[in-house]
Amino acid sequence: MKGKFFLIILFFVFFFFLFQIYETNMETNNCRSMDLNVLTINSFDIIPDNPKVRYIGFSFADMTVTKLSTIEGLHFIERPQLEKVKRKLGIRENELITKELATRLGHMLKVDIVILGDIETGKEHFRVGAQILDLRKKENDISDLFISEPVEGSLENIEKNIEPINKIQREIAVTITKAIPVALTHKEEISVNKDFTKSGNAYVAYAKGRYLYFKYISKENDEAIEKFKYAIDIDPNFALAYAALAQAYTQKAGYFKTGDRILLQEAIQKSEKAIELDPFLIEGYVARGASYTYEGLFAYYSGAEEEAWELWKKAIDDYKRVLDVQPHYINVSLNLSKIYIFRNQLDKASEYLDSLCDRYYYEPAARFFRGHLYTLQGKLDEAIHEFKEVLKLTDYMNPFERDKESPLIIESYINIAMCYGEKNKYDKAMENIEEAKKINPDYPLIHYALGRIYAKDMEYEKAKEECEIYLKLNPEGNLAKEVKRLLEKLQEKLKDNDK
């Protein structure tokens with residue numbers, strides 16, 4: 001009798017585990033069978049427009065993407081890519097997005113679904129709505145997804161009661177998953193329904209910080225840092241604010257070239273805190289991967305190549321985790337390609353860059369780094385073509401990319417010049433050097449390039465002078481060691497000529 005009872009218990013235990021495995025597989029298969037590219041318009045329209053609360057419209061779109069980005073099979077287009085296409089189409093920053101504009105943006109970005117939203121405001125209340133444009137359907141109809149009940153109070157004072165905002169954001173995210181439709185795993189349900197903070201003041205500080213961060217201007221980035229720090233002071237468990245602060249620190253140290261390694265260490269710590277608080281938060285891994293990437297670059301240029309590779313291995317792990325869920329995070333793929341170029345793993349770099357250039361023909365940074373890759377592979381004509389393509393894409397660039405301090409434009413001219421120098425086409429090389437000088441005549445890389453071009457043309461004295469100018473302008477620069485080696489060779493050549 002006891003033996004039979006034991007067998008019955010064993011059977012039920014086995015059946016329970018079998019059911020759990022089946023349920024998990026069903027959840028996974030439901031998600032993984034879906035492969036949809038989704039664009040969320042970067043800000044819910046404020047109606048009527050009010051510059052004081054535009055950051056709230058941006059926050060609704062931003063947090064909607066963050067909630068949904070953990071869902072496997074929903075692939076979101078990043079905000080910077082949307083901004084590039086809007087600039088090309090001449091759409092102003094706060095222009096109302098009509099169905100026709102949304103359709104054009106969706107087709108240019110090759111998406112299946114576009115999500116839009118609006119916030120109608122009055123003196124004593126506001127109402128939030130969301131719409132979906134399904135480009136999988138021939139008629140491209142736009143459908144109302146969600147319209148909230150009127151919320152009492154003014155948008156300008158939402159920090160006094162954040163619960164209605166959190167409730168609406170939860171409802172919008174859930175409604176979108178039902179409209180697509182997508183079956184959520186238990187983990188995904190938790191993420192979609194999660195409130196990032198219960199503090200109105202922390203929410204407002206974070207939302208203002210994100211609005212400033214995406215300006216891609218150094219001054220605004222510094223202001224964003226202060227907003228994120230304030231949000232964390234108010235709510236020490238605000239994981240999203242830690243990730244955002246890490247990204248802003250990394251942007252300051254790397255993107256804006258302050259070279260502050262202490263700041264990068266801070267960025268790593270903040271991103272790790274974000275991951276500790278919320279292990280499913282994609283932004284935490286994006287932020288930490290970027291911090292490791294730049295920290296590795298600084299280590300590499302200081303001569304610590306082994307340290308650089310250890311940091312880059314950590315970055316690769318974070319980036320691959322992100323791309324498994326969100327394959328359209330362009331900066332993640334770009335950073336991976338840079339790492340593989342530095343490691344001389346050119347085939348791997350080529351995989352990422354070819355994929356980016358095929359899908360995002362308007363992305364100048366992808367073209368720029370593919371030009372570098374072709375140069376290293378000795379494909380000079382292809383490299384020249386890529387750098388020329390970068391110069392055609394200025395309409396897509398953000399303010400920093402168009403700035404004279406940005407490498408994209410000036411270094412494209414310089415790299416074209418060096419390629420022509422290698423091909424012994426010195427007239428064309430000098431034409432592009434002159435274009436670079438119009439942007440910034442004291443840019444150190446110009447003199448490095450001239451040193452190489454003159455050396456190739458056997459004008460050793462001129463080459464020597466240019467190398468010396470480079471070292472005077474940038475004695476600790478990334479290419480200083482290489483320039484010193486070139487200078488030694490030039491001095492030997494000059495001695496031989498004297499003999």
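Structure notes:
- The residues on offer are Lys320, Lys313, Lys273, Lys348, and the sole one that is of a type in the set (Lys, Arg), surrounded by fewer than 17 Cβ atoms within 10 Å (Cβ to Cβ) and closer than 25 Å to Lys194 by Cβ is Lys320.
- Picking from residues in region 209-235 that are assigned to a loop (DSSP other than H, G, I, E, B) and not hydrophobic (A, V, I, L, M, F, W, C), the one that is modelled with the highest pLDDT is Asp235.
Conditions (1) over 26 Å from Lys388 (Cα atoms); (2) assigned to a helix (DSSP H, G or I); (3) at pLDDT 95 or above; (4) not hydrophobic (A, V, I, L, M, F, W, C), marked per residue:
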{"site": "Asn415", "(1), (2), (3), (4)": "no, yes, yes, yes"}
{"site": "Tyr420", "(1), (2), (3), (4)": "no, yes, yes, yes"}
{"site": "Ala429", "(1), (2), (3), (4)": "no, yes, yes, no"}
{"site": "Asp442", "(1), (2), (3), (4)": "no, no, no, yes"}
{"site": "Ile446", "(1), (2), (3), (4)": "no, yes, yes, no"}
{"site": "Tyr454", "(1), (2), (3), (4)": "no, yes, yes, yes"}
{"site": "Ile469", "(1), (2), (3), (4)": "yes, yes, yes, no"}
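- Tyr362 fulfils the conditions (1) part of a helix (DSSP H, G or I); (2) under 28 Å from Ala417 (Cβ atoms) except for a single criterion, (1).
- Taking first residues from region 254-276 that are within 25 Å of Glu401 (Cα to Cα) and outside the structural domain of Ala244 (by the TED database) and partners that are in a helix (DSSP H, G or I) and polar (S, T, N, Q), no Cβ contact under 9 Å between residues at least 6 apart in sequence or on separate chains turns up.
- Meets criteria (within 16 Å of Tyr55 (Cα to Cα), without any contact (Cβ under 8 Å) to a residue 40 or more places away in the chain and more than 19 Å from the chain's Cα centre (by Cα)) for Ala224: no
- Selection within region 250-291 - under 18 Å from Ala224 (Cα atoms) and part of a loop (DSSP other than H, G, I, E, B): Phe256, Lys257, Thr258, Asp260
- Across region 456-467, the qualifying residues are those that are part of a helix (DSSP H, G or I) and not hydrophobic (A, V, I, L, M, F, W, C), and the one among them that is nearest to the chain's Cα centre (by Cα) is Glu466.
- Scanning region 198-210 for residues that are of a type outside the set (Lys, Arg) and either over 24 Å from Ile56 (Cα atoms) or surrounded by 21 or more Cβ atoms within 10 Å (Cβ to Cβ) (or both) yields Ala202, Tyr203, Val204, Ala205, Tyr206, Ala207, Gly209.
The values are calculated or read from the model by the stated rules, or taken from the named source; none is laboratory data. Since we're looking at a predicted model, the values are computed, not measured. Here the Cβ is made from the backbone with ideal geometry for all residues, glycine too, and neighbour counts use every protein chain on show.
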